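S.K.: Take a look at this one; I'll ask things after.
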Amino acid sequence: MVGTTEGEAARAGARGRAARWAPGEQILWRYRDNADPRRFHIARPVTVVQDTEDLLAVWMAPGTAVIKPVLADGTPVHREPLGTRYTKERRTSRDQWFGTGVLKLAHPGDPWSVWLFWERGWHFKNWYVNLEEPRHRWSGGVDSQDHFLDICVYPDRHWEWRDEDEFAQAQRDGLVSAAQAAEVRSAGRAAIARIGAWGSPFADGWENWRPDPGWEVPPLPRNWDRPADRLRTCGRKGTRGE
């Protein structure tokens, strides 16, 4: 029997981690539940725009079928009063991304991703710094966990903290420890320093980017919540993971 040495296995693993997605490939961008990290409660099929050692850029098209959390009775989470928003029982629900699409940019290792929003007619609205766990990359996409606190950056380069009330409530409800909260704040200050220096990706002209009109809206795989090592790649344009 032919065996595989530990060195060979490590090299194979490194090659797998280094594999890049081509523009037009469809992958999943997922977030784990903050109350139960074993579960995914957000899943969004996206199309790869660029994938290099320095940047992953993906496009979430209008009309994309997504998975989002709702309360057990189906009430949207944002409609629940803040005091009970994170303690009431939840489930996941299939929905559709309405309005304009979102371009998501992520530098490997950064504890945040940067999202670009447009008004109708491609009038640029703002950048949105979503503070989150550095993304875990696997064959079918990337997985992360949201950290509640965010930063909004406007075209005139001024910025403001967002969702500080939700961040504070998550700490009161035990979803974020004091140590984790300090790390998230530190990550936010690092992001603000990059904004102040007008570094990448803010200075890279992504607000002028437009999607390929030939791209199809990615489908939501039926097994969107499978563990990463069991979920197939969403594949190229129009290919559904089963």
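S.K.: Taking residue 176 as meeting all but one of (1) modelled with pLDDT of 95 or more; (2) over 22 Å from residue 83 (Cα atoms), write down the number of the exception.
M.R.: That leaves (2) as the condition not met.
S.K.: Suppose the filter is over 27 Å from residue 204 (Cβ atoms) and either of a type in the set (Asp, Glu) or surrounded by fewer than 17 Cβ atoms within 10 Å (Cβ to Cβ) (or both); does residue 70 pass it? Quick ask: steps written out before the conclusion?
M.R.: On the way: over 27 Å from residue 204 (Cβ atoms): yes; either of a type in the set (Asp, Glu) or surrounded by fewer than 17 Cβ atoms within 10 Å (Cβ to Cβ) (or both): no.
In short, no.
S.K.: Name the residue that is surrounded by the fewest Cβ atoms within 10 Å (Cβ to Cβ), counting only residues in the stretch 162-191 that are of a type in the set (A, V, I, L, M, F, W, C) and in contact with a Pro (Cβ under 9 Å, 6 or more places away or on another chain). Don't jump to the end; show me each part of the working.
M.R.: Step one: filter the stretch 162-191 for residues of a type in the set (A, V, I, L, M, F, W, C), giving 167-168, 170, 175-176, 178-179, 181-182, 184, 187, 190-191.
With the extra rule that they be in contact with a Pro (Cβ under 9 Å, 6 or more places away or on another chain), the set shrinks to 184, 187, 190-191.
Working: 184: 22, 187: 20, 190: 14, 191: 22.
This residue is 190.
S.K.: Another question about this same structure. Please determine whether any residue of the stretch 129-136 is surrounded by 14 or more Cβ atoms within 10 Å (Cβ to Cβ) and more than 23 Å from residue 43 (Cβ to Cβ). Don't jump to the end; show me each part of the working.
M.R.: Quick first cut of the stretch 129-136, residues surrounded by 14 or more Cβ atoms within 10 Å (Cβ to Cβ) only: 129-135.
Then drop every residue that is not more than 23 Å from residue 43 (Cβ to Cβ), which leaves none.
No: the stretch 129-136 contains no residue that is surrounded by 14 or more Cβ atoms within 10 Å (Cβ to Cβ) and more than 23 Å from residue 43 (Cβ to Cβ).
S.K.: Here's another thing I want to ask about it. Given the criterion farther than 19 Å from residue 33 by Cα and among the basic types (Lys, Arg), identify the matching residue among 91, 162. Spell out how you get there, then give the answer.
M.R.: Working: 91 fails: farther than 19 Å from residue 33 by Cα.
Selected residue: 162, the only one of 91, 162 that is farther than 19 Å from residue 33 by Cα and among the basic types (Lys, Arg).
Residues checked against (1) assigned to a strand (DSSP E or B); (2) touching a residue at least 12 places away in the same chain (Cβ under 8 Å); (3) closer than 20 Å to residue 188 by Cβ:
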| residue | (1), (2), (3) |
| --- | --- |
| 98 | no, yes, no |
| 105 | yes, yes, yes |
| 118 | yes, yes, no |
| 127 | yes, yes, yes |
| 142 | yes, yes, no |
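S.K.: Would you be able to tell me the number of residues in the stretch 160-182 that are part of a loop (DSSP other than H, G, I, E, B) and among the aromatic types (Phe, Trp, Tyr)?
M.R.: The first filter runs over the stretch 160-182 and keeps only residues part of a loop (DSSP other than H, G, I, E, B), leaving 163, 173-177.
Imposing the further condition that a residue be among the aromatic types (Phe, Trp, Tyr) reduces the set to none.
So the count comes out to 0.
S.K.: Among the residues of the stretch 114-121, is any farther than 25 Å from residue 151 by Cβ, small (Gly, Ala, Ser) and out of contact with any strand residue (DSSP E or B) (no Cβ under 8 Å at 6 or more places or on another chain)? Before you say what the answer is, go through the steps one by one.
M.R.: Initially, the stretch 114-121 is screened for residues farther than 25 Å from residue 151 by Cβ, giving 121.
Next cut, small (Gly, Ala, Ser) only: 121.
Subset that is out of contact with any strand residue (DSSP E or B) (no Cβ under 8 Å at 6 or more places or on another chain): 121.
Yes, the stretch 114-121 has at least one match.
S.K.: Let me ask another. Looking only at the stretch 137-161, how many residues end up being more than 23 Å from residue 199 (Cα to Cα), surrounded by 20 or more Cβ atoms within 10 Å (Cβ to Cβ) and among the hydrophobic types (A, V, I, L, M, F, W, C)?
M.R.: Selection size over the stretch 137-161: 2.
S.K.: Also: Can you find, within the stretch 24-62, the residue that is surrounded by the fewest Cβ atoms within 10 Å (Cβ to Cβ) among those that are touching a strand residue (DSSP E or B) at 6+ places or on another chain (Cβ under 6 Å) and in a loop (DSSP other than H, G, I, E, B)?
M.R.: 33
S.K.: In the stretch 195-227, what residues are closer than 27 Å to residue 138 by Cβ and not in a loop (DSSP other than H, G, I, E, B)?
M.R.: Selection gives 206 alone.
S.K.: Among the listed residues 13, 63, identify the single one that is over 24 Å from residue 133 (Cα atoms), out of contact with any His (no Cβ under 7 Å at 6 or more places or on another chain) and either of a type in the set (Gly, Ala, Ser) or at pLDDT below 95 (or both).
M.R.: None of the other options fit; the residue is 63.
S.K.: So, one more: With 185, 157, 189, 91 as the choices, which residue is more than 29 Å from residue 20 (Cα to Cα), touching a residue at least 12 places away in the same chain (Cβ under 8 Å) and either part of a helix (DSSP H, G or I) or touching a Ser or Thr at 6+ places or on another chain (Cβ under 7 Å) (or both)?
M.R.: Values: 157 fails: either part of a helix (DSSP H, G or I) or touching a Ser or Thr at 6+ places or on another chain (Cβ under 7 Å) (or both); 189 fails: touching a residue at least 12 places away in the same chain (Cβ under 8 Å); 91 fails: either part of a helix (DSSP H, G or I) or touching a Ser or Thr at 6+ places or on another chain (Cβ under 7 Å) (or both).
Testing whether each residue is more than 29 Å from residue 20 (Cα to Cα), touching a residue at least 12 places away in the same chain (Cβ under 8 Å) and either part of a helix (DSSP H, G or I) or touching a Ser or Thr at 6+ places or on another chain (Cβ under 7 Å) (or both) leaves just 185.
The values are calculated or read from the model by the stated rules, or taken from the named source; none is laboratory data. Worth saying up front: this structure is predicted, and the values here are computed from it rather than measured. Cβ sites come from the backbone with ideal geometry, for glycine too, and all protein chains shown count toward neighbours.
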